[in-house]
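A.B. asks: Encoded as structure tokens, here's the structure I'll be asking about.
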Amino acid sequence: MGRPAVSTVVEIENLRVWLGRREILKGISCRLGVAGAGKAIGLLGPNGAGKSTLIQTMLGFHAPGAGRARVLGFDCHTQPREVKARIGYMPENDSFIGNMTAVAFIRLMGELSGLPKAAALEKAHEVLFHVGLGEARYREVGTYSLGMKQMAKLAQAIVHGPELVILDEPTNGLDPSARRRMLDLIKEMKSQHGMSVLLCSHLLRDVEEVCDEVLILKDGLIVHQSDLEAERKANRRFVQLEVSGDDRGLSEALRTVGAEGMREAPGQWRIVLPVEVEIGALWRIAASQGLVVRRMTHGRDTLEEIFLKAVGHLRPAPPIVPQEVPVHGRI
Amino acid sequence: MAVYKRGYQRYAGDRTGYLQRLLVLPRFAWRRLLDQKLVTSLLMLSLFWPLLCILFIYLANHSELWAGFAGGFKRILSVNGKFFAVFMNVQSVFALILSAVVGPGLVAPDLANNALPLYFSRPLSLRDYIAARMLVLAGMLSLVTIIPGLLLMAIQGGMAGWGWLWDNGRLFWGVVIGFAIWIVILSLVAMTCSAYVKWRAVAGGLVLAFFFVVGGAAEMVNAVFRVDWASMFNPGFAIEAVWMEFLGVELPPEKPGAYECALSLGAMCTGLLWILTRKLRPVEVVK
């Protein structure tokens, strides 16, 4: 079958998936990644958000109730063979074949993906050395430690050189050095080998470190989609400001220097500063408004903040209620 | 360059075709099975009866060796439908034991180690997986059923003249198709038991128990209700009835006929396949 011209890695249109009588994915639509660009997409969401169901639908394990999902230009439901031939999947749970050495296991997986016998054996050795299991490659996978099993799962996912690698919680249960190794391997997969990566993880720091795009799901709906690369390039600074005094005019005063402020609670502000505005400007604005600065922290917006906002754990600012407060007007 | 120095490179060569991929699982499984002493011992043991049958064919075709015996001896020593019916009955027992030993090791470890997502995330469907696993059993069981049967045919044809084969084409198809049906039944029973019981020994026992319990229940219905039709639900009787029809051997008239038995076996296979497809899922959905 001829390959359709593709630009996106994952294309989802009004996808609805039911498991039994429960609707897990409620009509989501998005376009993720650029085919062949070697980018990583982070899939985030609280438990039960539908992340695993989305991955499993892309793998053809669940049939969509409505809408469609396309991976690398092929429909996941009607062209599952074409899709599966181009992807590698590392499941979250322990998955291996009992009583089989790592070499035999990876070779079997390679052959099932369509590698000829000799190539599969060669790639099995190659990929096991690549993930750091070279010395243990003749041991049975069942005797491996948890960290080694994770690496073996990664090896079977990339043995056939897929275009898209789907990693479900790849750093689960890894010690810090193994986690670092896993993240380095993922970065290498996209930067050196041009593979697209779809990373599903609860560890926001991992996603932030590795991914270029992020999709956040909640209750079967997309609540946020952003380009982390663009966010990083924007290099905006975020300031958390805690003041006492009448802060009703602060929002307006911030706008005069090109900054944006959001009142999260009485006296608590979250401010976005443009690149050209110095932190000192905030001190001057506070002084002009007669406010006492109690606390000021500044830094880049973290993925954790994006995530918490998206899933509703950071509430939007309550409306400002006029109140009688003494004005001290000093810093 | 040594593999450990070369580093990982994405595979960019040609991919194998569908059939070659389908045969990967049987190839790996056969290699592992033939490494097991129990399996090879059973295979050797199951070839003992065909050896005796070869001796029988030799004697049947060399009347000068038993010329001094009574005339009834000649009637016994003839290679016909009854001869192949006895041969198939004995070999079917070996096939049953072999499927109880081999079958549970095919599906149960995949379920116990959660390997199904790994298979089904590759270009391999559930249908392909079942077909590949059935091929493993079909290959092993053919070694003790169809292949010895064809060997006997060839020896008889060689000794009695190839015209014998032409005149007894019914026996040829009887052996091939009859054994093929038995292999399909055994494979489905073994895989279904293996999908439900993860302990190999227990699953093996369950395969044997299936035939005895279902057969016993069918005969119990016959005895309690004083009927004969329930025999068609006894897999042992039903397959024998089908074989007899193929081989042209008469069945007891009061028992269910070959067509009823074939229908019953077909329904049993459909049921087993349905159970198997429900059990073999890449992910378990809790409803």
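A.B. asks: For the range A:184-199, indicate whether the set of residues that are touching a strand residue (DSSP E or B) at 6+ places or on another chain (Cβ under 8 Å) and part of a loop (DSSP other than H, G, I, E, B) is non-empty.
C.D. replies: yes
Conditions tested, residue by residue: (1) among the aliphatic types (A, V, I, L, M); (2) surrounded by 15 or more Cβ atoms within 10 Å (Cβ to Cβ).
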residue: A:ASP212; (1), (2): no, yes
residue: A:LEU217; (1), (2): yes, yes
residue: A:ASP227; (1), (2): no, no
residue: A:ARG237; (1), (2): no, yes
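A.B. asks: Same structure, new question: Taking the residues in the range A:37-57 that are buried (at least 24 other Cβ atoms within 10 Å of the Cβ) and aliphatic (A, V, I, L, M) as candidates, determine which candidate is farthest from A:ARG16 (Cα to Cα).
C.D. replies: Step by step, filter the range A:37-57, then rank; the result is A:ALA40.
A.B. asks: Another question, if that's okay. Can you pull out the residues in the range B:109-130 that are within 9 Å of chain A (Cβ to nearest Cβ), aliphatic (A, V, I, L, M) and touching a Lys or Arg at 6+ places or on another chain (Cβ under 9 Å)? Give the derivation first.
C.D. replies: Kept after step one, since they are within 9 Å of chain A (Cβ to nearest Cβ), are these residues of the range B:109-130: B:109-110, B:112-125.
Imposing the further condition that a residue be aliphatic (A, V, I, L, M) reduces the set to B:112, B:115-116, B:118, B:124.
Correct list: B:ALA112, B:LEU116, B:LEU118, B:LEU124.
A.B. asks: Can you list the helices (runs of 4 or more DSSP H) lying wholly within the range B:1-95 that have 1 or more residues being free of Cβ contacts under 8 Å to residues at least 60 places away in the same chain and charged (D, E, K, R)? Quick ask: steps written out before the conclusion?
C.D. replies: On the way: elements: B:3-6, B:18-22, B:24-33, B:37-46, B:48-60, B:72-76.
Because the criterion is at least 1 residues that are free of Cβ contacts under 8 Å to residues at least 60 places away in the same chain and charged (D, E, K, R), the helices (runs of 4 or more DSSP H) in the range B:1-95 that meet it are B:3-6, B:24-33, B:37-46, B:72-76.
A.B. asks: Would you check which residues across the range B:1-20 are hydroxyl-bearing (Ser, Thr, Tyr), closer than 19 Å to A:ARG81 by Cβ and loosely packed, with under 15 Cβ neighbours inside 10 Å and list them? Walk me through how you get there before you give the answer.
C.D. replies: Initially, the range B:1-20 is screened for residues hydroxyl-bearing (Ser, Thr, Tyr), giving B:4, B:8, B:11, B:16, B:18.
If we keep only those that are closer than 19 Å to A:ARG81 by Cβ too, we end up with B:11, B:16, B:18.
Passing the criteria: only B:TYR18.
A.B. asks: For a quick check of your reading: which helices (runs of 4 or more DSSP H) sit entirely within the range B:112-191 and have at least 3 residues that are closer than 22 Å to B:LEU98 by Cα?
C.D. replies: Details: elements: B:116-120, B:126-142, B:146-160, B:162-167.
The qualifying helices (runs of 4 or more DSSP H) are B:126-142, B:146-160.
A.B. asks: Oh, and also: Kindly check whether there is at least one residue in the range B:55-72 that is exposed (fewer than 15 other Cβ atoms within 10 Å of the Cβ) and either within 29 Å of B:PRO235 (Cα to Cα) or basic (Lys, Arg) (or both).
C.D. replies: Within the range B:55-72, none of the residues are exposed (fewer than 15 other Cβ atoms within 10 Å of the Cβ) and either within 29 Å of B:PRO235 (Cα to Cα) or basic (Lys, Arg) (or both).
A.B. asks: If you go through the range A:120-151 one residue at a time, how many are more than 7 Å from chain B (Cβ to nearest Cβ), in a helix (DSSP H, G or I), among the aliphatic types (A, V, I, L, M) and closer than 22 Å to A:ASN93 by Cα?
C.D. replies: 7
A.B. asks: In the range B:247-266, what residues are among the small types (Gly, Ala, Ser) and either in contact (Cβ under 8 Å) with a residue 24 or more places away in the chain or more than 24 Å from B:LEU106 (Cβ to Cβ) (or both)? Walk me through it before giving the result.
C.D. replies: Within the range B:247-266, the first condition is being among the small types (Gly, Ala, Ser), and the residues that meet it are B:248, B:257-258, B:262, B:264, B:266.
Selection gives B:GLY248, B:GLY257, B:ALA258, B:ALA262, B:SER264.
A.B. asks: List pairs: first residue in the range A:191-210 and farther than 13 Å from A:LEU228 by Cβ, second residue charged (D, E, K, R) and assigned to a strand (DSSP E or B) anywhere in the structure, Cβ distance under 8 angstrom, at least six positions apart or on different chains.
C.D. replies: These pairs meet every condition: A:CYS200/A:ASP168.
A.B. asks: Does A:GLN156 fit the bill of being more than 9 Å from chain B (Cβ to nearest Cβ) and assigned to a helix (DSSP H, G or I)? Break it down into steps so the answer makes sense when it comes.
C.D. replies: Values: more than 9 Å from chain B (Cβ to nearest Cβ): no; assigned to a helix (DSSP H, G or I): yes.
Criteria not met by A:GLN156.
Yes or no, residue by residue, for (1) in contact (Cβ under 8 Å) with a residue 24 or more places away in the chain; (2) more than 14 Å from every other protein chain (Cβ to nearest Cβ); (3) within 17 Å of the chain's Cα centre (by Cα):
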residue	(1), (2), (3)
B:TRP199	yes, no, no
B:PRO235	yes, yes, yes
B:GLU245	no, yes, no
B:ILE275	yes, yes, no
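We did not get these values from a lab; they are worked out from the coordinates using the rules stated. Given the structure is predicted, the values throughout are model-derived calculations rather than measurements. With ideal geometry, Cβ positions are generated from the backbone for all residues, glycine too; neighbour counts draw on all protein chains shown.
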